[in-house]
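Take a look at the structure set out below.
Taken together, the values in this text are just the output of simple stated rules run on the coordinates, not laboratory data. As the structure is a computational prediction, the values presented were derived from the model and not from experiment. Glycine also receives a Cβ, built like all others from the backbone with ideal geometry; neighbour counts cover every protein chain displayed.
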Amino acid sequence: MNAAPRRGHRGNKQSLPSKTCVRCQRPMSWRRRWAHCWEQVRYCSEACRRAGPVPRQP
């Protein structure tokens, strides 16, 4: 028996929104767990979040 087809994202990652990590400047793509807080997401990982933003050079 075949299960009902799943709905939603089906592998086209280029169509997802993306941002740049404040710490490492790497691009990060939208993730389902960030759906409710995407506007507040600034860091790509817990390690980058702990390190904080890169200090500005004078």
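Summary table below
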| item | result |
| --- | --- |
| Computed FRET value (nearest 0.05) for R26 with R49, which takes r as the C-beta separation and R₀ as 22 Å | 0.95 |
| Extension gain from R33 to R56, taking 0.36 nm per residue of separation minus the Cα-Cα distance | 5.2 nm |
| For the stretch 36-48, 3J(HN,Hα) per residue [Karplus equation, 6.51 cos²θ - 1.76 cosθ + 1.60, θ = phi - 60°, Hz, x = Gly/Pro] | 7, 9, 4, 5, 8, 5, 10, 10, 7, 8, 5, 4, 5 |
